[in-house]
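Right, one structure below, let's go through it.
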Amino acid sequence: MHETMDMADDPEYDEEEPSFSDSEDFVDDIEEDELLSDLMREKPLEADGIDSVVVVDNVPQVGPERLEKLKNVVNKIFSKFGKITNEFWPMDNGMTKGYIFLEYLAPTQAQEAVKNADGYKLDKQHTFRVNVFTDFDKYMNISDEWETPEKQEFKDFGNMRHWTEDPDCRDHFSVIYESGERTAIYANDAKESITVEERARWTETYVRWSPKGTYLATFHQRGIALWGGEKFKQIQRFSHQGVSLIDFSPCERYVVTFSPLMDTKEDPQAIIIWDILTGQKKRGFHCESSAHWPIFKWSHDGKFFARMTQDTLSIYEAPSMGLLDKKSLKIFGIKDFSWSPGDNVIAYWVPEDKDIPARVTLSQMPTREEIRVRNLFNVVDCKLHWQRNGDYLCVKVDRTPKGTPGVVTNFEIFRMREKQVPVDVVEMKEAIIAFAWEPNGSKFAVLHGESPRINSSFYHVKNNGKIDLIKSFDKQQANSIFWSPQGQFLVLAGLRSMNGALAFVDTSDCTMMNIAEHYMASDVEWDPTGRYVVTSVSWWSHKVDNAYWLWTFQGRLLQKNNKDRFCQLLWRPRPATLLGVEEIKVIKKDLKKYSKIFEQKDRLSQSKASKELVDKRRAMMDEYRLYREAAIQTLLEQKDLRLELRGGVDTDELDSNVEDWEEETIEFFINEEIIPLGDL
C-alpha cells in the first residue's frame, strides 16, 4: 500500500502552478461553427416553421359569444388548402383584433392558401387579405424610392383568329390518324383539302378545340398543352399528371382538367380549374368518379359553374371560384341539372318521393329565384334538352300511367321567352330513340319506334301555343339525328350497327334530298357554316375501312379520304359573328348582288386546271406585274435624257408633233436581173 502525501508539503515539489488565463492581447479567432460544428447544425433557426404560417387580415371583429362560430367558418374555408396545425386569434378588450395567424403542416399548403383565399369575400364588409408570415420582412424592406419595373417581353403568338379571315372562307378541321401517331390540321376545300399544319406525336391520346376555336388542346402524360396562332405555337401548358379529360368554359377563360391519379385528402387535385391566360391554378376539387363528364357545367357566359352531389347542387362563381352566397342548394333526391344556353337559368329535376310528385324546377341565377315549377306524376325518368338559343326547354318524361301497360313518353315543352313560362305537352306511346332541337329555330325531330319500323317525325312549335306535326317518315334506318348548325337541314344516320345509312332532309318542306350509305360509319360532324358534313369510320371503334367522307348539305359526295388507322376528325368552331340581326337581314336580302362573284369563284374551283398550275400562273402574272412596274419607272426616269438626245422631240407619244412632220419618198435600187427570152 502506497502512502500519500500533500504535494505542498513535499520539499522536492517547489514548481509554480501554470496559468490557464488568456493574455491581455489575446484575440479569439475560432468560430463556433468550426469548434462545435456537430452541435451548431442542430441549432434551431429563428425562421424555422414560419414559412408554414399565414396571416389573414380583414377578419370580423367579434366578442366571445360569436367567436366559436367565426372560428368554425374560417376553419372550414382554410382547411381546404391543407391541415391546420395551429391557430392564434389576437384579442383586445374581449374582442378579436381583425387578423389571425394560421399554421399549416407544410409551406406548400400555406402558399396554396395565399393563392386561393387572398381576396375571398366573406360578406359585404369583409374580404380576406392573406399573406405568408415571411412576406412581412419583404414588405418592411421595400425601398421608398420608386424603381421602374422591368418591361416584360411581349409574346406575340400572331393572329389568334387568322382562319376567320380566309378570303375563300375555308374552315379548319383536325385529323388524327396512324392510331394517334400523326395529327394534322386541314383547311377544307370542296376539291381537295389544304394542309395547314402536320406533326408527329403531337398528342398522346386525342385533341380538343376550345368553344370559339382559339385553342387546340393536346393531351400528354404530364398535362395539357394549348396551341394557337397562324403557326400553331404553344400558348400555354398545365401540369396535371395523368390527365384524361378536359372541359373549357364557354368564354375560353378557364379550362378544367381531370386526373384519376392525383387526388389526396389534404390536397384536392382530381379536378383542377386553370386560368388560360395566366396559366395559374384557380382551384382544385375532389372527384370520386368521372363517369358523367363534365362534372362541372358552365353557364352560357362563363360566370358560374355548378356540380351535383348527393342531395346537393353546388354553384360557384368566377373568378373567385367560391360558392355562390357561401352555401350550396340542398335538393333532396336531385337527379340531373342543366344550364340554359342563353341565360343564367338552371333547370333540375327530382323524382317522386312517396306522396310528393316528381318536379322540374327552373331557377334564376344568382338570385336563386324559382321562375317555374312543373309537377310530374308516375315518372320513371327525365332528360333535359335545351334549344341552342335557350328559347325552349324540352323535358323528355318517361311515365307509367295507371291502368296502361308499358312506358309512355311525354315531351314537356317550356316556352322560356313567354310570360310565366307556359308548358305544352306532346305524348308519344312508342319507344324514343333520339330527340334533337333545330339549333336556330323552333322545330324539333324525333326518332321513335323499334327496328325495323323506326319512324322519324318533325314538329314545329308555333307562337299561337300549338305544336304541329309537320311530317313523318316511316321505316327509317336511323338511330341518330344531326342538325346543321344553321338549322333547316339535318342528317338521319344509322351509325355502327345500322351500317352507316344516311338520309339528308330539308325540313323547310320535309323532303328527302338524298339517301346514301357510308358503311360502318361511327361519327357524323357538320362544319360550323352548315355547308358541309363529314361521315367517318374511326379506328377506335372499327379496325377496317378507316376513312372520312365529305358531303354537301344536300347529300352529294365530294371526297373520300382514306387515312391509315384514322381515329378522329373535329371541325374547328367559329366565334360568334360580330354582325347584328338587322345587318344579317340586309346581307341576306342583297345576296343576289354577290352571286356573280361567287359563281365565278365556283367555276374557277371546278375548272380542270390543277391547283399547282393555277398557282404557277398566278406567280408568273405577279412576276410580270412587278417587271412592268419597274420598266415603267425606268422609262419615266429616262424621259429627260431622251428629250435631250432627240432635240426636244417627245417620242413617247405616237401622235406628238404631227404638224412638224415632213413626208419624203425615198427609192432604193436593189437589184437588176436580165432573162433572155430564148431560154424560156
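If you find the alpha carbon centre of region 384-436 and of region 447-463, how far apart are they in angstrom?
Going from one Cα centre to the other spans 13 Å.
Kindly provide the trypsin sites (Lys or Arg not before Pro) of region 81-142 that DSSP labels as loop, not H, G, I, E or B, and whose Cβ sees at most 15 other Cβ atoms within 10 Å.
LYS83, LYS97, LYS124
What is the local net charge at LYS326, summed over the other residues whose Cβ is closer than 12 Å to its Cβ (Lys, Arg +1; Asp, Glu -1)?
+1
Ranked highest first by the average count of other Cβ atoms within 10 Å around their residues, in what order do 491-503, 140-152 fall?
491-503, 140-152
Compute the angle between helix 611-637 and the longest alpha-carbon principal axis of the chain, please, reported from 0 to 90 degrees and rounded to the nearest 10.
Its long axis makes an angle of about 80 degrees.
Hey, what's the chain come to in accessible area per residue, 1.4 Å probe, Å²?
64
On a 0 to 90° scale, report how tilted helix 64-78 is relative to the longest principal axis of the chain, with both axes built from alpha carbons and the result rounded to the nearest 10.
Computed tilt is about 50 degrees.
Which residues' amide hydrogens lie under 5 Å from the amide hydrogen of ARG572, considering only partners 5 or more residues apart or on another chain, with H built in the peptide plane?
Long-range HN contacts for ARG572: HIS172, PHE173, SER174.
Under 19 Å Cα-Cα from LYS616, which lysines qualify once same-chain neighbours fewer than 8 residues away are excluded?
LYS616 reaches LYS191, LYS601, LYS608.
Need one number: the % of Cα-Cα pairs in the chain sitting beyond the 40 Å mark.
54
Measuring from a point 7 Å past the Cα of ASN86 along Cα-to-C-beta, which residues in region 103-129 have an amide N at less than 12 Å?
Zone members listed by number: 103-105.
Remind me, relative contact order of the chain in percent, using alpha carbon pairs under 8 angstrom and six or more residues apart?
Averaging sequence separation for qualifying contacts and normalising by length gives 6 percent for the chain.
Summarise the accessible area of the chain (1.4 Å probe, protein heavy atoms) by the percent that is carbon and sulfur.
50
Remind me, what semi-axes does region 62-197 give for its equivalent ellipsoid, largest first in whole Å, using sqrt of 5 times each Cα gyration tensor eigenvalue?
Values for region 62-197, descending: 54, 23, 16 Å.
Quick one: which residues, 5 or more positions from ASP311 or on another chain, have an amide H under 5 Å from its amide H? H modelled 1.01 Å from N in the peptide plane, none for Pro or chain starts.
Here the answer is GLY333, ILE334, since their amide H atoms fall under 5 Å of that of ASP311.
For LYS97, list the lysines whose Cα falls under 17 Å from its own Cα; do not include residues on the same chain fewer than 8 positions away.
LYS69, LYS71
For region 416-430, just list the computed ³J(HN,Hα) in residue order, Karplus coefficients 6.51, -1.76 and 1.60, θ = phi - 60°, integers in Hz, with x standing in for Gly and Pro.
Once rounded to whole Hz, the list reads 5, 8, 9, 4, 6, 6, x, 10, 10, 10, 10, 9, 9, 9, 9.
Mean residue ellipticity at 222 nm from the helices of the chain, using -39,500 (n - 2.57) per DSSP H segment of n ≥ 4 over the full residue count, to the nearest 500 deg cm²/dmol?
-4000 deg cm²/dmol
Which ³J(HN,Hα) values, rounded to whole Hz and listed in residue order, are derived for region 317-327 from phi using the Karplus coefficients 6.51, -1.76 and 1.60 in 6.51 cos²θ - 1.76 cosθ + 1.60 with θ = phi - 60°, glycine and proline given as x?
Once θ is set to phi - 60°, the couplings for region 317-327 become 10, 9, x, 6, 6, x, 4, 5, 6, 6, 7 Hz.
Students often check this: by mean Cβ neighbours within 10 Å, which of 523-530, 58-65, 625-632 ranks highest, and how do the rest follow?
Output ranking for 523-530, 58-65, 625-632: 523-530, 58-65, 625-632.
Where the centre of each part is set by its Cα atoms, how far does region 197-273 sit from region 73-90, in angstrom?
Going from one Cα centre to the other spans 32 Å.
Helix 107-117: angle to the longest alpha-carbon principal axis of the chain, degrees 0 to 90, nearest 10?
Tilt relative to the chain: about 60 degrees.
What does the charge count near SER210 come to, summing +1 for each Lys or Arg and -1 for each Asp or Glu among other residues with Cβ under 11 Å from its Cβ?
+2
Could you run the Karplus curve 6.51 cos²θ - 1.76 cosθ + 1.60 with θ = phi - 60° over region 578-589 and give me ³J(HN,Hα) per residue in whole Hz, x for Gly and Pro?
Couplings: 8, 7, x, 4, 5, 5, 5, 4, 5, 4, 5, 5 Hz.
The values are calculated or read from the model by the stated rules, or taken from the named source; none is laboratory data. Note that the structure is predicted; figures quoted are calculated from it, not measured. Heads up, the Cβs are rebuilt from the backbone with ideal geometry, glycines too, and the neighbour counts pull from every protein chain shown. Only protein heavy atoms, including side chains, enter the accessible area calculation; ligands, DNA and RNA are left aside. Shrake-Rupley method; radii C 1.70, N 1.55, O 1.52, S 1.80 Å.
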